[in-house]
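Some notes on the structure that comes next.
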Amino acid sequence: MSSKGKQVQKGVLVLFSSPSGGGKTTIVDRLLKRHPDWVRSVSMTTRAARAGEKNGEDYFFVTKPEFEKMKADNGFLEYANVFDCEYGTPRPFVEKQVESGKTVVLAIDVQGMKKIKQAVGGKISLLSIFILPPSLKILRDRLEGRNTDTPEDIERRLDIAQEEIKQANCYDCTVVNQNLEDTVLEIDEIVNKFLKERR
Ligand code: 5GP
């Protein structure tokens, strides 16, 4: 980050990970509705947009050469290859928002969380939350129900989910997404407590 020396930045990062289909996108959307002053970092990806996804809102959908150019220009805070596609967190947006005191919400994978932790190196307050599905069976049902992935993709996503779940203990806290409304309230409480303790 472009923080000055060891000075702690005013804003905070709230980072969410969950296995694909774990519900983090919906949860993040609900949290942002409750807190219009929080901002979401929109990632850049080389994956194709799914039906209903909007460029600049869900992701910035770019070509591989465009992604590589951002990488070469040091334009990402972190990037990772997930399910054979590239994903990255644009650096300038996050740095600007944190410097202006905002609560910046990131929804990225486990590799990304580890890289962000390293990149901010204690200069920025960071809260990391892992959202767990109630069971792998329920995760499978959710992935099948959303009708966006082939059966092979679903199997891969489930394999990776099991690996990611093993790393949930690297996060500050874990929340089981049993019921959406309750999960949103629980996470809201966790984040607000974290923000209050920083003041
Ligand atoms: P999906 O293609 O299902 O939207 O996302 C696949 C995975 O990539 C999810 O775990 C999602 O959190 C992760 N992801 C999305 N954006 C980023 C990013 O900027 N960086 C990293 N490391 N992972 C990301």
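The values are calculated or read from the model by the stated rules, or taken from the named source; none is laboratory data. Computed from a prediction, not measured in an experiment: that's the story for all the values here. Heads up, the Cβs are rebuilt from the backbone with ideal geometry, glycines too, and the neighbour counts pull from every protein chain shown.
Tabulated data for the structure shown
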read-out: Filter result for residue 100 (surrounded by 16 or more Cβ atoms within 10 Å (Cβ to Cβ), in contact (Cβ under 8 Å) with a residue 60 or more places away in the chain and over 18 Å from residue 21 (Cβ atoms)); value: no
read-out: Test result for residue 103, over 22 Å from residue 132 (Cα atoms), more than 15 Å from the ligand (Cβ to nearest atom), among the β-branched types (Val, Ile, Thr) and modelled with pLDDT of 95 or more; value: yes
read-out: Sole residue being at pLDDT 95 or above, more than 9 Å from the ligand (Cβ to nearest atom) and surrounded by fewer than 15 Cβ atoms within 10 Å (Cβ to Cβ), chosen from 172, 153, 159; value: 172
read-out: Residue satisfying all of: in the range 53-97; β-branched (Val, Ile, Thr) and out of contact with any Leu (no Cβ under 7 Å at 6 or more places or on another chain); nearest to the ligand (Cβ to nearest atom) among these; value: 82
read-out: Filter result for residue 135 (modelled with pLDDT under 95 and surrounded by 15 or more Cβ atoms within 10 Å (Cβ to Cβ)); value: no
read-out: Residue selected from the range 140-199 under the condition free of Cβ contacts under 8 Å to residues at least 12 places away in the same chain and touching a strand residue (DSSP E or B) at 6+ places or on another chain (Cβ under 9 Å), by the criterion farthest from residue 103 (Cα to Cα); value: 169
read-out: The listed residue being within 24 Å of residue 23 (Cβ to Cβ) and surrounded by 15 or more Cβ atoms within 10 Å (Cβ to Cβ), out of 105, 62; value: 105
read-out: So residue 24, is it within 15 Å of the ligand (Cβ to nearest atom) and either surrounded by fewer than 14 Cβ atoms within 10 Å (Cβ to Cβ) or closer than 24 Å to residue 159 by Cβ (or both); value: yes
read-out: Residues located in the range 176-199, provided they are of a type outside the set (D, E, K, R), over 21 Å from residue 136 (Cα atoms) and outside any helix (DSSP H, G or I); value: none
read-out: Among residues of the range 27-52, those that are within 24 Å of residue 129 (Cα to Cα) and either touching a strand residue (DSSP E or B) at 6+ places or on another chain (Cβ under 9 Å) or within 11 Å of the ligand (Cβ to nearest atom) (or both), counted; value: 15
